[in-house]
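What follows is a set of notes on a single structure, which appears directly below.
The values are calculated or read from the model by the stated rules, or taken from the named source; none is laboratory data. For clarity, every value in this text was computed on a predicted model and none was experimentally measured. Cβ sites come from the backbone with ideal geometry, for glycine too, and all protein chains shown count toward neighbours.
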Amino acid sequence: MVKEIDSVTLQSRMVAGDDVHLIDIRTPGEIAGGVIPEAALLPMPLIPSRIKELPRDKEVILYCRSGARSHHACA
């Protein structure tokens, strides 16, 4: 199931210590502008070949620049 989360909610969940796995699916060129330190980098084109590496025991949150790619990748 795909659910959206905004940055304020994500930040409050991370501060509260929620056990989530945050994945940045932007390209290496896009991350030059900054990253969330707790996030793992997994560019969207690599997701199909590395899907088995994603944890099954916690919520996985994907993010990109606008939300369009992360929504597509989740679906």
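I want to confirm something. Restricting to the stretch 25-59 and keeping residues that are under 17 Å from residue 11 (Cβ atoms) and of a type in the set (A, V, I, L, M, F, W, C), which single residue is modelled with the highest pLDDT? Here the residue is 39. Going by what's in this entry, would residue 69 be described as of a type in the set (Lys, Arg), under 15 Å from residue 7 (Cα atoms) and in contact with a Lys or Arg (Cβ under 9 Å, 6 or more places away or on another chain)? Here the answer is no, as residue 69 does not meet what is asked. Scanning the stretch 15-73 for residues that are surrounded by fewer than 16 Cβ atoms within 10 Å (Cβ to Cβ) and in a helix (DSSP H, G or I) yields a count of 16.
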